[in-house]
Amino acid sequence: MTLIRYALCASLLMGGAHWAKGEEPESDSLYDQLNQVTDQMAGVQERLAIAESDIAKLKKVKITGYVQARYEYHDDAIGSPALGTTSSDKKNQGQLLNRFFIRRTRLKAAFQASPNAAGAVSFDGSASGVSLKDAYVSVTEPWSQLTFTLGQFNWLFGYEISFSSSKREFPERARWARTLFPGERDRGVKVETSFLVEDRYTLGLQAGLYNGNGVDDKSFNSNDPNKSKDVIARATCGLGFLDFGVSGYWGKQFNPSDQSIPAQQPSTTDKIRYGVDAQYFYELPRLGGGVLKGELVAGKEPKNAKGFLSGDTTRNVLGLDIVWAQNLRERFQWISRLDFYDPDRDTEQDQTTTYGLGLIYFWDGNSKLKLIYEIPKTAGKNEVKDNTITLEWVYTI
Amino acid sequence: MKRITAFIVAASLMVAGIAVSGSAGRAITIKGSDTMVILGQRWAEVYMKEHPGIVIQVTGGGSGTGIAALINGTTDICQASRPMKPAEKTKMKERYFTQGTEIPVAKDGMTVYVSESNPVSQLTIEQLRKIYVGEITSWKDLGGPDADINLYGRENNSGTYVFFKDNVLEGEDFAPAVATLPGTASVVNAVSKDPNGIGYGGAAYAKGVKQCAVAVAADSVAYPPTKEMVENGKYPLARDLYWYLRTKPEGDIKKLVDWVLSPSGQAVVTETGYFPVASKATAGK
């Protein structure tokens, strides 16, 4: 019996040893595999952290842009609504012109590395080539919350000049804006701030110092057209349902052709503009929101901007535009506009009033189709046949 | 004259589309806050059961995503765990000429989660700020074990992220060490498995984790995110949860909003783990 017991114990021990022998390599293998998986996970986590860091950097860059593809059908072979011009040449009258073209192709990259510093650059591509539209750096002083911007950016006069063409109801700005602020941009510096008062309304203050003649001036890329700088100031108030603002522009017009004054002391003429603007928002049952908005601008300009002489006089200009836009439920919008511009209030029969009406169809969140009919009327005998139908597709990136 | 006629014909054709672009008969879409997804889904389930023929689709994505969808016209209702930002209101105004209609539909106690095994059970707002900006990195500094704090948080399109950043971090950036997760459920899951983890999110998700009491300052009483403390305003991280619409509610959407604000709708809020809003007049009045 004792022998049997010994034999059993020996067998168990041997078996145990064998079991232990057999298990040990398996345990090692599992341990190795676990280590391997842990290492792999650590590697994945490391790569994920790098990827997250890269994505965080990419999120600081915001790329936006839009395309305005257009079909125009208009009466005058020379006049171009896109450029805000009409022709008075009789031979062009009544010659129907229709054409497809790309009005604007914008691409803007904005980078915000920190809450208090940002930079942006934007380009426009059109039939005339590629041009720089915006290029600026902005810093916000944390304590006062004043934002300083230096570079090339919109003139801060009125609301429509800085309102993006991708969002504006009518394809072109009002005639006074196209005439007095061609290109809508200039180089300079501006400072701005806004306050939220009693959590109910917003007050905004802006002031800027600009070269003066804007991006469409031929000497723009290389020269400041005159020694003095033009000043613009603007104050706004937003009540939610009613936003309004006042703007002032004090500048000098350089007169290179004025031979009566030595070249070292070129003559200049005052260029002064004042503006008020207001936007009233409302909501109608079933149809949705609507807006009634207008801008009134009065100013003093050199009588002949190109060849002005010191002995010449200035002219008083007046511009007004009123827009009524109404959503027709979710996808449609009715738009209408009265656009008036008088280049010289002391001269008769030079005022132009353009009546515009149209519909916007919002295809989706990024694109919309506009159909617009515009009837420009010039006072008295200068009236020309230059009505226009515009079909425009705007796609926003 | 021919051109005017052509214009009017074309315009009429476009306007005719209005008749077929109505909302009658289609599903009501709700999109936005991940914090509110379970609440929105529960509302939809109960409402569809009580109103056969109405279809409601609820998806998440974050408050920012929901507001963008509302502006783009791809959702009827946006759920948001934070108020709309001024820039978002501007976009809404530019497109729809309205500032959107804001309807508080529930309250939430933004909860700070730690592991059930963690001895730390209360924190001040200042301690939370220091933890999440990376100034306090060990539980030892908070009366806990000598171990590194593992931070969990949300992505920046989340209203919860924005609320926490604005109300706890005072606008400062989160520490780079924060692991950003796609939803509150993920945050709760991560913290429940990590003895040294800390996370934040809606009270309704707090399962398998400990909810910390929060004090305004070191010498203040710390209050837990209970119904009573949220409703009486003592819990310092209580917040409103919103529905946003493009215009004042009408038709089926108005009926839904009125129901959500009614005792039946608010009962769902309580069942789901959130807190009801004070009884108010129905929407759009």
**OP:** Would you mind computing, in nm to one decimal, how far apart the modelled labels at B:Glu94 and A:Ala117 are, each placed 7 Å from Cα along Cα→Cβ?
**Re:** 2.7
Subject >> Centroid-to-centroid separation of the range B:24-46 and the range A:111-127 [C-alpha atoms, Å] >> reply: 37
Original post:
How much accessible surface does A:Tyr395 have with a 1.4 Å probe, in Å² rounded to 10?
Top reply: 110
Subject >> CD proxy at 222 nm, helix term only [per DSSP H run n ≥ 4: -39500 (n - 2.57); per residue of chain B; nearest 500] >> reply: -11500 deg cm²/dmol
Subject >> Average silhouette area of the range B:126-285, convex hull of alpha-carbon atoms, in square nanometres >> reply: 10.9
Original post:
Tell me, what % of the accessible area of the range B:209-269 is carbon and sulfur with a 1.4 angstrom probe?
Top reply: 55
Original post:
Across peptide B:232-240, how many C-beta atoms of other chains are within 10 Å of each residue C-beta, on average?
Top reply: 0
Subject >> Solvent-accessible area of A:Leu58 with every protein chain in place, 1.4 Å probe, in Å² to the nearest 10 >> reply: 120
Original post:
Hey, if we sort B:Tyr235, B:Tyr242 by accessible area with the 1.4 Å probe, largest down, what's the order?
Top reply: B:Tyr242, B:Tyr235
**OP:** Give the calculated FRET efficiency between B:Thr270 and A:Val137 to the nearest 0.05, with a Förster radius of 45 Å applied to their Cβ-Cβ distance.
**Re:** 0.30
Subject >> Cα-based helix-to-principal-axis angle, B:184-193 vs chain B, degrees rounded to 10 >> reply: 20
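Just the accessible area per residue of the range B:204-285, please: how many Å² with a 1.4 Å probe?
With the other protein chains kept in place, the range B:204-285 gives 46 Å² per residue.
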Original post:
When only the heavy atoms of the protein chains count and the probe is 1.4 Å, how do A:Ile397, B:Ile77, B:Ile54 rank by accessible area, highest first?
Top reply: A:Ile397, B:Ile54, B:Ile77
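Expected output is a single nm value to one decimal: the length gained when fully extending between A:Ala207 and A:Val189, i.e. 0.36 nm times separation in residues minus the C-alpha distance. What is it?
Computed gain between A:Ala207 and A:Val189 is 5.6 nm.
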**OP:** Place the peptides B:169-175, A:232-238 in order of packing, highest mean first, counting for every residue the other Cβ atoms within 10 Å and averaging per peptide.
**Re:** A:232-238, B:169-175
Subject >> Neighbouring partner chain Cβ atoms per residue of A:357-366, average, 10 Å criterion >> reply: 4
**OP:** Would you please give the FRET efficiency between B:Lys85 and B:Gln122, computed as 1/(1 + (r/R0)^6) with r the Cβ-Cβ distance and R0 = 30 Å, to the nearest 0.05?
**Re:** 0.40
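What does the charge count near A:Arg234 come to, summing +1 for each Lys or Arg and -1 for each Asp or Glu among other residues with Cβ under 11 Å from its Cβ?
That sum, taken over residues with Cβ under 11 Å, equals -1.
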Original post:
Let a ≥ b ≥ c be the square roots of the eigenvalues of the Cα gyration tensor of the range B:22-67; is it rounded (a/c under 1.5), or, if not, prolate (a/b larger than b/c) or oblate?
Top reply: oblate
Original post:
Taking all protein chains as present, what is the carbon and sulfur share of the accessible area of the range B:112-207, in % to the nearest whole number, probe 1.4 Å?
Top reply: 44
**OP:** Ignoring ligands, DNA and RNA and using a 1.4 Å probe, state the total buried accessible area between B and A in Å², rounded to the nearest 100.
**Re:** 2900
**OP:** Please build a GNM for chain B, connecting alpha carbons under 10 Å apart, and tell me which residue among B:Leu142, B:Leu151, B:Leu237 fluctuates the most.
**Re:** B:Leu142
**OP:** For chain B, find the longest principal axis of its Cα atoms and tell me its angle to the long axis of helix B:251-261, 0 to 90°, nearest 10.
**Re:** 20
**OP:** Mind checking which of A:Ser126, A:Thr236, A:Asn116 is farthest towards the positive end of the range A:99-241's charge dipole, using Cβ charges of +1 (Lys, Arg) and -1 (Asp, Glu) about the Cα centre?
**Re:** A:Ser126
**OP:** Arrange the peptides B:102-115, A:60-73 so that the one whose residues have, on average, the most other Cβ atoms within 10 Å appears first.
**Re:** B:102-115, A:60-73
**OP:** Kindly sort A:His74, B:His51 by accessible area of their heavy atoms, largest first, with the probe set to 1.4 Å.
**Re:** B:His51, A:His74
**OP:** Indicate the gyration tensor shape class of the range B:85-134 (rounded, prolate or oblate), computed on the Cα atoms with a ≥ b ≥ c the square roots of the eigenvalues: a/c under 1.5 is rounded; otherwise a/b larger than b/c is prolate and the rest oblate.
**Re:** prolate
Subject >> Sequence-distant lysines (8 or more away, or on other chains) whose Cα lies within less than 30 Å of B:Lys255 >> reply: B:Lys31, B:Lys49, B:Lys85, B:Lys89, B:Lys91, B:Lys93, B:Lys107, B:Lys227, B:Lys280, B:Lys285
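Just tell me how shielded B:176-182 is by partners: mean number of partner chain Cβ atoms within 10 Å of each residue's Cβ, no decimals.
Rounded to a whole number, the mean comes out at 2.
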Subject >> Degrees between helix B:86-96 axis and first principal axis of chain B (Cα, 0 to 90, nearest 10) >> reply: 10
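The values are calculated or read from the model by the stated rules, or taken from the named source; none is laboratory data. Quantities reported herein were computed from a predicted structural model and do not represent experimental measurements. Glycine gets a Cβ as well: all are built from the backbone with ideal geometry, and neighbour counts include every protein chain shown. Note: accessible area is taken over every heavy atom of the protein model, side chains too, but ligands, DNA and RNA are not part of it. Shrake-Rupley method; radii C 1.70, N 1.55, O 1.52, S 1.80 Å.
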